(Lines give C-alpha, C1' and ligand atoms only; values in the text may rest on other atoms or scores of the structure.)
Protein backbone atom coordinates (compact mmCIF):
# COMPACT_ATOMS: atom_id res chain seq x y z
CA UNK A 1 0.00 0.00 0.00
CA UNK A 2 1.22 3.50 -0.77
CA UNK A 3 1.80 5.56 2.32
CA UNK A 4 1.40 9.29 2.65
CA UNK A 5 3.00 10.96 -0.35
CA UNK A 6 4.63 14.36 -0.12
CA UNK A 7 6.17 16.49 -2.82
CA UNK A 8 8.62 17.87 -3.40
CA UNK A 9 11.02 16.04 -1.09
CA UNK A 10 13.43 18.96 -1.14
CA UNK A 11 12.79 22.59 -1.96
CA UNK A 12 15.31 25.40 -2.05
CA UNK A 13 13.98 28.86 -2.69
CA UNK A 14 14.89 32.48 -2.19
CA UNK A 15 13.38 34.72 0.40
CA UNK A 16 10.19 36.32 -0.83
CA UNK A 17 9.22 33.52 -3.16
CA UNK A 18 6.01 31.54 -2.87
CA UNK A 19 6.39 27.93 -1.79
CA UNK A 20 3.76 25.21 -2.17
CA UNK A 21 4.08 21.87 -0.44
CA UNK A 22 1.83 19.00 -1.45
CA UNK A 23 0.44 15.98 0.32
CA UNK A 24 -1.57 12.97 -0.77
CA UNK A 25 -3.01 11.12 2.23
CA UNK A 26 -3.55 7.40 2.44
CA UNK A 27 -6.70 6.39 0.61
CA UNK A 28 -9.65 6.08 2.98
CA UNK A 29 -8.16 8.36 5.61
CA UNK A 30 -10.35 11.34 6.39
CA UNK A 31 -8.07 13.32 8.70
CA UNK A 32 -4.94 15.13 7.55
CA UNK A 33 -2.30 16.93 9.57
CA UNK A 34 0.54 19.30 8.70
CA UNK A 35 3.55 19.46 11.02
CA UNK A 36 6.77 21.44 10.98
CA UNK A 37 10.04 20.28 12.51
CA UNK A 38 13.02 22.46 13.38
CA UNK A 39 15.95 21.96 15.70
CA UNK A 40 14.83 24.85 17.88
CA UNK A 41 11.12 24.11 18.18
CA UNK A 42 10.96 20.39 17.55
CA UNK A 43 7.91 18.86 15.88
CA UNK A 44 4.86 21.09 16.02
CA UNK A 45 1.37 20.77 14.59
CA UNK A 46 0.40 23.54 12.19
CA UNK A 47 -3.12 22.61 11.13
CA UNK A 48 -5.37 19.62 10.70
CA UNK A 49 -8.44 18.76 8.62
CA UNK A 50 -11.33 16.37 9.09
CA UNK A 51 -13.27 15.46 5.96
CA UNK A 52 -11.47 18.25 4.08
CA UNK A 53 -12.55 20.89 6.61
CA UNK A 54 -9.91 22.74 8.67
CA UNK A 55 -10.53 22.01 12.33
CA UNK A 56 -7.65 23.60 14.15
CA UNK A 57 -5.20 26.06 12.60
CA UNK A 58 -3.91 27.49 15.86
CA UNK A 59 -0.42 26.27 15.05
CA UNK A 60 -0.12 28.20 11.81
CA UNK A 61 2.60 30.72 12.57
CA UNK A 62 1.24 33.73 10.70
CA UNK A 63 -0.77 34.90 7.74
CA UNK A 64 2.01 34.00 5.35
CA UNK A 65 1.01 30.37 5.84
CA UNK A 66 -2.13 28.89 4.37
CA UNK A 67 -3.37 25.34 3.90
CA UNK A 68 -6.11 23.89 1.78
CA UNK A 69 -7.67 20.53 1.21
CA UNK A 70 -9.80 20.74 -1.93
CA UNK A 71 -10.62 17.03 -1.88
CA UNK A 72 -10.01 13.89 0.12
CA UNK A 73 -6.86 12.97 -1.74
CA UNK A 74 -4.92 16.21 -1.84
CA UNK A 75 -3.75 19.01 0.42
CA UNK A 76 -1.39 21.94 0.03
CA UNK A 77 0.55 24.08 2.44
CA UNK A 78 1.54 27.41 0.97
CA UNK A 79 3.99 29.98 2.27
CA UNK A 80 3.87 33.42 0.68
CA UNK A 81 6.21 35.19 0.95
CA UNK A 82 8.78 32.76 2.31
CA UNK A 83 11.42 33.79 4.84
CA UNK A 84 14.67 32.12 5.97
CA UNK A 85 13.09 31.25 9.34
CA UNK A 86 10.59 29.06 7.49
CA UNK A 87 13.41 26.63 6.73
CA UNK A 88 12.34 23.32 8.25
CA UNK A 89 11.10 19.84 7.45
CA UNK A 90 7.37 19.82 6.84
CA UNK A 91 5.52 16.58 7.48
CA UNK A 92 2.06 15.57 6.42
CA UNK A 93 0.22 12.81 8.27
CA UNK A 94 -3.12 11.14 7.77
CA UNK A 95 -5.45 8.89 9.71
CA UNK A 96 -9.01 7.73 9.97
CA UNK A 97 -10.68 10.15 12.34
CA UNK A 98 -11.47 7.42 14.87
CA UNK A 99 -8.07 5.79 14.66
CA UNK A 100 -5.32 6.05 17.25
CA UNK A 101 -2.45 5.96 14.75
CA UNK A 102 -1.24 8.76 12.54
CA UNK A 103 0.73 7.82 9.43
CA UNK A 104 3.44 10.28 8.51
CA UNK A 105 4.86 11.03 5.11
CA UNK A 106 8.58 11.30 4.40
CA UNK A 107 8.56 15.07 4.74
CA UNK A 108 9.60 18.01 2.60
CA UNK A 109 12.87 19.69 3.52
CA UNK A 110 12.47 23.40 2.81
CA UNK A 111 15.43 25.74 2.67
CA UNK A 112 14.80 29.45 2.22
CA UNK A 113 17.91 31.47 1.44
CA UNK B 1 -2.90 17.35 27.48
CA UNK B 2 -0.57 16.36 30.27
CA UNK B 3 3.11 17.16 29.94
CA UNK B 4 5.65 14.36 29.64
CA UNK B 5 9.28 14.23 30.75
CA UNK B 6 11.84 11.97 29.11
CA UNK B 7 15.60 11.64 29.35
CA UNK B 8 17.38 13.46 26.56
CA UNK B 9 19.43 10.49 25.45
CA UNK B 10 20.10 6.84 26.19
CA UNK B 11 22.41 4.13 24.95
CA UNK B 12 21.79 0.41 24.69
CA UNK B 13 23.80 -2.52 23.42
CA UNK B 14 22.53 -4.40 20.41
CA UNK B 15 20.55 -7.47 21.40
CA UNK B 16 19.75 -6.17 24.86
CA UNK B 17 16.42 -4.80 26.04
CA UNK B 18 16.05 -1.05 25.75
CA UNK B 19 13.92 0.48 28.49
CA UNK B 20 12.78 4.03 27.85
CA UNK B 21 11.13 5.84 30.76
CA UNK B 22 8.55 8.59 30.63
CA UNK B 23 7.04 10.64 33.42
CA UNK B 24 3.51 11.99 33.08
CA UNK B 25 2.58 12.84 36.64
CA UNK B 26 -0.33 15.12 35.69
CA UNK B 27 -2.06 12.59 33.44
CA UNK B 28 -5.85 12.57 33.61
CA UNK B 29 -8.12 9.56 33.77
CA UNK B 30 -9.15 9.74 30.13
CA UNK B 31 -5.67 10.31 28.74
CA UNK B 32 -3.76 7.61 26.91
CA UNK B 33 0.01 7.21 26.70
CA UNK B 34 1.32 6.98 23.14
CA UNK B 35 4.79 6.22 21.88
CA UNK B 36 6.12 7.24 18.50
CA UNK B 37 9.63 7.07 17.16
CA UNK B 38 11.45 8.98 14.46
CA UNK B 39 14.32 7.38 12.64
CA UNK B 40 16.75 9.85 11.14
CA UNK B 41 15.36 11.69 8.09
CA UNK B 42 12.00 9.91 8.28
CA UNK B 43 8.58 10.84 9.55
CA UNK B 44 7.49 9.68 13.00
CA UNK B 45 6.14 6.17 13.31
CA UNK B 46 3.54 4.91 15.75
CA UNK B 47 4.76 2.23 18.14
CA UNK B 48 2.18 1.51 20.80
CA UNK B 49 -0.32 3.09 23.16
CA UNK B 50 -2.13 2.25 26.38
CA UNK B 51 -4.48 3.56 29.06
CA UNK B 52 -3.69 1.65 32.23
CA UNK B 53 -2.99 -1.94 31.35
CA UNK B 54 0.33 -3.13 30.03
CA UNK B 55 0.36 -3.54 26.28
CA UNK B 56 2.48 -5.55 23.89
CA UNK B 57 2.67 -5.69 20.13
CA UNK B 58 5.17 -6.86 17.55
CA UNK B 59 7.34 -3.79 18.07
CA UNK B 60 7.43 -3.19 21.80
CA UNK B 61 5.88 -3.48 25.24
CA UNK B 62 4.41 -0.64 27.26
CA UNK B 63 4.42 -0.83 31.03
CA UNK B 64 2.27 1.76 32.83
CA UNK B 65 2.56 2.14 36.58
CA UNK B 66 -0.51 1.55 38.67
CA UNK B 67 -0.84 5.25 39.51
CA UNK B 68 -0.33 6.01 35.79
CA UNK B 69 2.19 8.72 36.59
CA UNK B 70 4.93 7.06 34.58
CA UNK B 71 5.50 4.45 31.93
CA UNK B 72 8.28 2.50 30.26
CA UNK B 73 8.61 1.51 26.66
CA UNK B 74 10.51 -1.73 26.24
CA UNK B 75 12.21 -2.84 23.05
CA UNK B 76 12.98 -6.46 24.01
CA UNK B 77 15.88 -7.15 21.65
CA UNK B 78 17.22 -3.88 20.33
CA UNK B 79 18.81 -3.78 16.89
CA UNK B 80 20.83 -1.07 15.19
CA UNK B 81 17.69 -0.12 13.26
CA UNK B 82 16.03 0.88 16.53
CA UNK B 83 18.33 3.89 16.79
CA UNK B 84 15.89 6.79 16.73
CA UNK B 85 14.25 9.54 18.76
CA UNK B 86 11.42 8.11 20.87
CA UNK B 87 8.52 10.33 21.83
CA UNK B 88 6.18 9.71 24.74
CA UNK B 89 2.89 11.58 24.25
CA UNK B 90 -0.19 11.87 26.39
CA UNK B 91 -3.45 12.38 24.57
CA UNK B 92 -7.05 12.45 25.72
CA UNK B 93 -9.55 9.95 24.37
CA UNK B 94 -11.15 11.38 21.24
CA UNK B 95 -8.51 14.06 20.82
CA UNK B 96 -6.74 14.14 17.50
CA UNK B 97 -3.78 16.37 18.11
CA UNK B 98 -0.39 14.90 18.96
CA UNK B 99 1.88 17.20 20.97
CA UNK B 100 5.48 16.12 20.58
CA UNK B 101 8.11 16.96 23.18
CA UNK B 102 11.84 16.64 22.68
CA UNK B 103 11.85 12.87 23.09
CA UNK B 104 14.69 10.51 23.97
CA UNK B 105 17.47 9.94 21.48
CA UNK B 106 18.17 6.21 21.73
CA UNK B 107 21.41 4.94 20.29
CA UNK B 108 21.88 1.21 19.84
CA UNK B 109 25.55 0.29 19.89
CA UNK B 110 27.01 -2.80 18.19
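The values are calculated or read from the model by the stated rules, or taken from the named source; none is laboratory data. Everything quoted here is computed from the prediction, not taken from an experiment. Using ideal geometry, Cβ is built from the backbone for each residue, glycine included, and neighbour counts are taken over all protein chains shown.
Here are a few things to note about the model shown:
- Scanning region B:27-35 for residues that are outside any strand (DSSP E or B), over 11 Å from the mean Cα position of the chain (by Cα) and within 14 Å of residue B:72 (Cβ to Cβ) turns up nothing.
- Taking the listed residues B:94, B:50, the one that is on the phi > 0 side of the Ramachandran plot and within 14 Å of chain A (Cβ to nearest Cβ) is B:94, with no other qualifying.
- Strands (runs of 3 or more DSSP E) wholly inside region A:3-71 containing at least 3 residues that are within 12 Å of another protein chain (Cβ to nearest Cβ) and in contact with a strand residue (DSSP E or B) (Cβ under 6 Å, 6 or more places away or on another chain): A:31-38, A:42-50
- The set of residues in region A:97-113 that are within 11 Å of chain B (Cβ to nearest Cβ) and either assigned to a loop (DSSP other than H, G, I, E, B) or surrounded by 18 or more Cβ atoms within 10 Å (Cβ to Cβ) (or both) comprises A:97, A:98, A:99, A:100, A:101, A:102, A:103, A:104, A:105, A:106, A:107, A:108.
- Looking only at region A:77-94, and only at residues there that are farther than 14 Å from residue A:9 by Cα, more than 8 Å from chain B (Cβ to nearest Cβ) and in contact with a strand residue (DSSP E or B) (Cβ under 7 Å, 6 or more places away or on another chain), the one that is surrounded by the fewest Cβ atoms within 10 Å (Cβ to Cβ): A:84
- Looking across B:99, B:85, one residue alone is at pLDDT 95 or above and either within 14 Å of chain A (Cβ to nearest Cβ) or in contact with a helix residue (DSSP H, G or I) (Cβ under 6 Å, 6 or more places away or on another chain) (or both). It is B:85.
For every residue, the table says whether it meets (1) within 11 Å of chain A (Cβ to nearest Cβ); (2) closer than 30 Å to residue A:109 by Cβ; (3) surrounded by fewer than 17 Cβ atoms within 10 Å (Cβ to Cβ).
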| site | (1), (2), (3) |
| --- | --- |
| B:3 | no, yes, yes |
| B:9 | no, yes, yes |
| B:12 | no, yes, no |
| B:17 | no, no, yes |
| B:22 | no, yes, no |
| B:25 | no, no, yes |
| B:29 | no, no, yes |
| B:38 | yes, yes, no |
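Per-residue answers, yes or no, for (1) more than 12 Å from the chain's Cα centre (by Cα); (2) more than 14 Å from residue B:98 (Cβ to Cβ):
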| residue | (1), (2) |
| --- | --- |
| A:37 | no, no |
| A:59 | no, no |
| A:82 | yes, yes |
| A:88 | no, yes |
| A:98 | yes, yes |
| A:104 | no, no |
